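Only one structure is covered here, and it is reproduced in the block below.
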Amino acid sequence: MKMKLKSLVSAVALALAGTTVLAGPVIIDGTDANDHGFASGSANFSGWLYMQRALENLAATVNPSATKVVVDLGTTGSQAGAAILSAFNLSSLPGSGWTLLNVDGAAAISAHLASLSTANTGILYLPTFGNSGGDLTSAEMAAINAGAASINTFVGGAGTPLNGGGLFSMGESGTGAYGWLTTLIPGIIATDVGGGGIGTNITLTAAGSTAFAGGLTDSDLAGADPWHGHFSGDLGGLSVLGVALQGATSRNVIIGGGAGTVIGCGQPGQVACPNSVPEPETLPLVAIAGLAMLFNGLRRRRTK
């Protein structure tokens, strides 16, 4: 009897040891903040400041084993390129050893996504599409959509320390927009509000405040409008992080989560959604309760 109990305890211990979450932090927004910001001296303002804060937050919570490279897919040297360059250069990332790599062109993007892991990328940046000068082309958007599975594996961890990187994605408009996201979460609805956008301020939800833990504030978000898209329907493993009003209706403008976020989940061939299993910190309590029930059951059998 004692040997059986010892074996069961060991099995539970091994199960707990395997619950380490390697997934990375995620920010997916419906803004074109890259088109509504600027830098003056050594500081970013408005939308560019929001982008800076987003990068800093992701860098602080990404898998520690990830290489310190922000990979920018598809921007050129005009507005979109200037925005991510300034957001990165004036952030705390360069001082912490991070570098910025621009991967431009559909072929180059496809090649990078094919080998995507935290061995070559710490934060993957998907810029705007159809919203700002120098952002993604239709061919580049198609290449990203084709690499949806690689993006999901990169963020989700897939049980290996070579994954679990961060993702920062901005507003997409037009044919092909968010194809990668709807591939991973078929029930999600990404709504484009039109070229003029909505000029209301974005504010963090309780989940957003928890996920960003002070690294991103409502003040930082105030310059990220007008925003151009929002999300509804099935959000998969993502949470609502930022909302804004469209008339009297609250819209989900920023979705994602902190470290441990999984994008595609709950679908055939995907992992279970995080909200369908106990939180990591509750797992030991669940195991202890299970062991207690087991001991009591075996003791009753022995008494009989």
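The values are calculated or read from the model by the stated rules, or taken from the named source; none is laboratory data. Every value quoted in this text rests on a predicted model; they were computed, and no experiment measured them. FYI the Cβ positions are ideal-geometry reconstructions off the backbone, even for glycines, and counts take in every protein chain you see.
The table below gives the values:
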| item | result |
| --- | --- |
| Candidates G77, G81 - the one that is of a type in the set (G, A, S), over 19 Å from the mean Cα position of the chain (by Cα) and at pLDDT 95 or above | G81 |
| Condition broken by I185, with the remaining ones in (1) modelled with pLDDT under 90; (2) of a type in the set (A, V, I, L, M); (3) under 16 Å from the mean Cα position of the chain (by Cα) satisfied | (1) |
| Lone qualifier among G208, G194, G233 - being more than 24 Å from G130 (Cβ to Cβ), touching a residue at least 12 places away in the same chain (Cβ under 8 Å) and not acidic (D, E) | G208 |
| Qualifying positions in segment 114-134 - closer than 16 Å to G30 by Cβ and modelled with pLDDT under 95 | G130, N131, S132 |
| Test: residue in segment 282-295 that is modelled with pLDDT of 55 or more and surrounded by fewer than 11 Cβ atoms within 10 Å (Cβ to Cβ) | no |
| Candidate set: segment 210-248, residues that are β-branched (V, I, T) and farther than 21 Å from G187 by Cα; chosen: the one surrounded by the fewest Cβ atoms within 10 Å (Cβ to Cβ) | T210 |
| Segment 206-228 - residue that is in a helix (DSSP H, G or I) and among the acidic types (D, E) and, of those, modelled with the lowest pLDDT | D220 |
| Test: residue in segment 154-173 that is over 18 Å from the mean Cα position of the chain (by Cα) and modelled with pLDDT of 90 or more | yes |
